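A.B. asks: After the structure tokens below, expect a handful of questions from me.
We did not get these values from a lab; they are worked out from the coordinates using the rules stated. These figures come from a predicted structure and were not determined experimentally. Neighbour counts are summed over all protein chains in view; Cβ atoms, including those assigned to glycine, are modelled from backbone coordinates with ideal geometry.
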Amino acid sequence: MAALRSGVGLYAIHTNLDNVAHGVNAMMCRKLGLTGMRVLRPKSGTLSKVVTYVPQDDLESVRDAMLAAGAGEIGNYDECSFGSEGTGTFRALEGADPHVGDLGQRHHESEVRLEMTVERWNVGRVLSAMRSAHPYEEVAHDVISMDNLHPTAGSGGIGQFEEPMNWEAFVDRVKSAFGAPVIRHTSPPKGPIQTVALCGGTGSFLLPDAVRAGADVFLSSDFKYHEFFGAEGRLTIADIGHAEAEGGISEWLVDQMAVLKDGFPNFAVLLSAVRTNPIHVS
């Protein structure tokens with residue numbers, strides 16, 4: 001409220017950055033030197049499929065418009081679509097202005113059923129682009145909700161070290177990378193550490209996912225006493241503290257905002273030096 005009264009805009013993206021593959025967990029993976037990072041628990045129910053029917057001659061223009069609006073992105077791939085040929089029929093009634101066919105007569109048209117995956121939040125933009133590029137006055141289309149897991153949205157992350165390391169070297173790297181004065185942990189792994197699951201902030205809810213993924217260590221924070229029993233010797237839980245786990249995201253945000261300098265010559269990015277972590281270790 002104080003910011004609003006002073007005319008200062010707030011851009012709050014805390015949980016957003018927790019749930020995208022390039023956010024908090026990717027930052028943690030980079031700090032540790034992990035490769036092959038993927039989402040530990042991908043989200044479901046965030047994708048839709050948009051289907052429309054396009055005359056052959058207009059297929060590419062409609063496809064290109066939908067792709068430009070953000071359709072057809074699946075994980076590390078884009079421009080993903082599927083088309084199947086068929087015959088559409090319609091009869092234009094009084095008052096219509098058909099692209100093809102005559103008023104009052106059933107028309108048969110060779111069409112392509114064009115399908116693309118779309119993130120649910122972006123369906124409106126894709127539909128608008130589709131309608132603008134489509135030659136028909138009335139555009140037949142379907143929007144189908146999908147339960148598929150989203151490969152780049154969800155909780156936590158998991159990656160691998162190129163060269164396995166022992167527990168002592170891992171602890172040193174974690175303390176150095178995250179400025180963690182202490183690490184609360186269960187029994188150290190008996191063998192070398194190769195695969196690390198992690199979650200910025202409170203991550204105990206992801207412990208079953210880390211176990212199923214075959215992680216050697218699960219790095220997160222805010223574990224309660226009884227939650228440490230959940231590992232049961234199958235992996236090592238390492239709790240580095242909430243602020244320590246998420247601390248590097250401030251510098252990441254500064255780097256992202258720096259791109260605005262090109263369009264706004266009087267724009268400056270300032271990173272606060274105020275320590276907001278209420279926890280002190282003596």
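A.B. asks: Taking the Cα centre of the chain as the origin and placing charges on Cβ (Lys, Arg +1; Asp, Glu -1), which of His99, Gly70, Ser250 is farthest toward the positive end of the dipole?
C.D. replies: Ser250
A.B. asks: Another question, then. With a 10 Å Cβ neighbour count serving as the proxy for reagent exposure, in which order, fewest first, do Thr46, Thr202 appear?
C.D. replies: Thr202, Thr46
A.B. asks: Here is a follow-up. Around Ser44, which amide H atoms from residues at least 5 apart in sequence, or from another chain, sit under 5 Å from its own amide H, with H modelled in the peptide plane?
C.D. replies: Excluding prolines and chain starts, which carry no amide H, the hits are His150.
A.B. asks: I need Val174, Val139, Val112 ordered by Cβ neighbour count within 10 Å, fewest first.
C.D. replies: Fewest to most other Cβ atoms nearby, the residues stand as Val139, Val112, Val174.
A.B. asks: Within 15 Å, Cβ to Cβ, of Lys224, how many net charges do the neighbouring residues add up to if Lys/Arg are +1 and Asp/Glu are -1? Before the final figure, lay out each step's value.
C.D. replies: Working: positive: Arg184; negative: Asp222, Glu227, Asp239.
That sum, taken over residues with Cβ under 15 Å, equals -2.
A.B. asks: Further, regarding this structure: I'm checking a number: the convex hull volume of the Cα atoms of the stretch 236-282, normalised per residue, in Å³. What is it?
C.D. replies: Dividing the Cα hull volume of the stretch 236-282 by its residue count gives 85 Å³.
A.B. asks: Right, something else. What would the Debye equation give as log₁₀ I(q)/I(0) for the chain at q = 0.10, 0.13 Å⁻¹, counting only Cα atoms as equal point scatterers?
C.D. replies: -0.71, -0.95
A.B. asks: So if each residue of separation counts as 0.36 nm, and I subtract the Cα-Cα distance between His108 and Ala3, what length gain in nm does that give?
C.D. replies: 31.7 nm
A.B. asks: Could I ask something else about it? If you take every residue apart from Pro151 with its C-beta less than 11 Å away from the C-beta of Pro151, what net charge results, scoring Lys and Arg +1 and Asp and Glu -1?
C.D. replies: Taking every other residue near Pro151 into account, the sum is +1.
A.B. asks: Once you list every other residue whose beta carbon is under 15 Å from the beta carbon of Val126, what net charge do they have if Lys and Arg are +1 and Asp and Glu are -1?
C.D. replies: Result for the neighbourhood of Val126: -2.
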